[in-house]
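Note sheet for the following structure.
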Amino acid sequence: MSLTPSASASLQPAKMKKDESFLGKLGGTLVRKKRAKEVSDLHEEGKNAINAPLLPSATEIHPEDTLLEENAERIMLDPTSRENPKFKDLVKSKTKHPDRTNWITQVLIDWINSELEEERIIVKDLEEDCYDGQVLQKLFEKLSGRKLNVAEVTQSEIGQKQKLQTVLEAVNNTLRPHGWTLEWSVDSIHSKNLVAIVYLLVALAMHFQAPIRLPEHVTVQVVVVKKREGILQTAVVAKELTSTTEMMLGRFAERDAFDTLLDHAPDKLNVVKTSLITFVNKHLNKLNLEVTELESQFADGVYLILLMGLLEDYFVPLYNFFLTPESFEQKVHNVAFAFELMQDGGLKKPKARPEDVVNLNLKSTLRVLYNLFTNYKNSD
């Protein structure tokens, strides 16, 4: 049977209409699926916003950080805090000052490397190098003069945590009586929690009066993840890693006669200052030098170095110190070098920190000078 042109033409629109109807239905189905997905995504986004309203969008929580027991919590450093200049000064390594001493300022990594130089231990990253307890063990042993009964090398996670447990028990027993809040644990250190590691190192540095200058008022944002009733809850909290140097040292400093003098008998302070000025001028006058203000004139370390040379009867080569120091670091170097000369002369290590003398801390300067007065008051 053959179709006439007119009959063929009459069937074509019907076919096209059928095709259009099919495509229209297919397109409608795709549109409905797309809209359903958008609604689902929007619902999920709203659900996440309700369940985690305080979680910063820039923070990534790794799967292992969500594997928590009921009421357990985990603290993570907010990535934005890593860019804090003061935080970088606290944890990043700097170049050593090009002089004969090993004095290093402001940085924890360089301080550890200086302390453990004889052990040939080099720390490059606090998180990767401190988590297994090996570096912390060696550092505590060096600072405290105590030998801990732990295995030297531990590869397994269980062995590492056992070592950490022993090391942290010794550290905590040393620091806890001085009122330091223990913001670290075996799990937090072993999980490479940088905030916990920094807290621990700052506490050790302050307790053992490390020859470093920590940046003050370092505050970071941390993300606290806690599981409660099976639901993860997150919050952002500000953590203060360092306060002022005086406050941090105050946790550990033993009160002495100068604390009592300044707190209870300030009227007698001038008598003590006059006696010390008379003592130092007796010797400095030999170089046609004279002191009238103790806290300011000894702050750059030059007079302390010259005074030690006069008391011990030797000439201090000028290349060993800065005769006209300009920067804070140069002044700290001078005072630190003077402290070395004192120890070479048989004196005990000064209780004061070089940074405190440079910062015009009167009690610190008085302690240093009184120590000299006690040992050399009969010297000509």
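Where a number appears in this text, it was derived from the coordinates with a stated rule and is not lab data. Fair warning: this is a prediction, and the values are worked out from it, not measured in the lab. Neighbour counts run over all protein chains shown; Cβ positions are idealised from the backbone, glycine included.
Structure above, values below:
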item	result
F208 versus N320: modelled label distance in nm, points set 7 Å from Cα along the beta carbon direction	2.6
Estimated D of the stretch 133-185 in µm² per second, where Rh is the Kirkwood radius over Cα pairs and Stokes-Einstein applies at 37 °C, 0.692 mPa s	284
Efficiency of FRET from Cβ geometry, K268 and S185, R₀ 30 Å, rounded to 0.05	0.05
Label-point separation, E312 to D125 (7 Å along Cα→Cβ), nm	4.3
Ordering of 202-210, 184-192, 286-294 by packing [mean C-beta count within 10 Å, highest first]	202-210, 184-192, 286-294
Distance in nm between pseudo-label sites at N285 and E240 (7 Å out along the Cβ direction from Cα)	4.8
Filter on K331/K363; K138/K363; K163/K348; K273/K351; K142/K351; K192/K227 - keep pairs with C-alpha separation over 22 Å	K138/K363; K163/K348
Computed FRET value (nearest 0.05) for K377 with F328, which takes r as the C-beta separation and R₀ as 25 Å	0.20
Segment H217-E169, extension gain: residue separation times 0.36 nm, minus the distance between their alpha carbons	14.5 nm
Charged-residue dipole, Cβ positions (Lys, Arg, Asp, Glu), the stretch 254-377 about Cα centre, Debye nearest 20	360
